[in-house]
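Values quoted throughout were computed directly from the atomic coordinates according to the rules given, and no laboratory measurement underlies them. Nothing here was measured: the structure is a model prediction, and the numbers come from that model. Here the Cβ positions follow ideal geometry from the backbone for every residue, glycine too, while neighbour counts run over all protein chains shown.
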Amino acid sequence: MIFSKKKITIAYTVEKCPKCEMLRKRKFLQDDVLFSNSTKCSSCDGITVIEKIFGELMEQ
Ligand SMILES: [Zn+2]
C-alpha cells in the first residue's frame with residue numbers, strides 16, 4: 001500500500017454578518033452555498049452570509 005496513513009478532509013463554513021462584521025466558523029453542512037444567507041447573527045439582528053467554504057486535511 002502506498003497510502004498507509006488515512007487522510008480525511010473536514011469541510012468548514014465561515015459565516016459573516018454584514019451588519020456587525022462578526023465572523024463565525026462552523027462545520028460545513030450539506031446545503032451550504034457560497035454567498036447565500038445562512039443563520040441569524042448571534043450578536044445582532046442581522047442574517048449571516050456564507051463568506052467562505054474551505055477544507056482542512058486531517059490525518060487519522
Ligand atoms: Zn451581526
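Quick notes on this structure:
- For the chain, the set of chymotrypsin sites (Phe, Trp or Tyr not before Pro) satisfying both a DSSP loop assignment and a count of at most 11 other C-beta atoms within 10 Å is given as 3, 35.
- Whole-number D in µm²/s for the chain (Stokes-Einstein; Kirkwood sum over Cα pairs; 25 °C, 0.890 mPa s): 193
- In the range 1-50, trypsin sites (Lys or Arg not before Pro) in a DSSP loop with at most 13 other beta-carbon atoms within 10 Å: 5, 6, 19
- Estimated distance in nm for a label pair at residue 20 and residue 6, the labels positioned 7 Å out from Cα along Cα-to-Cβ: 4.1
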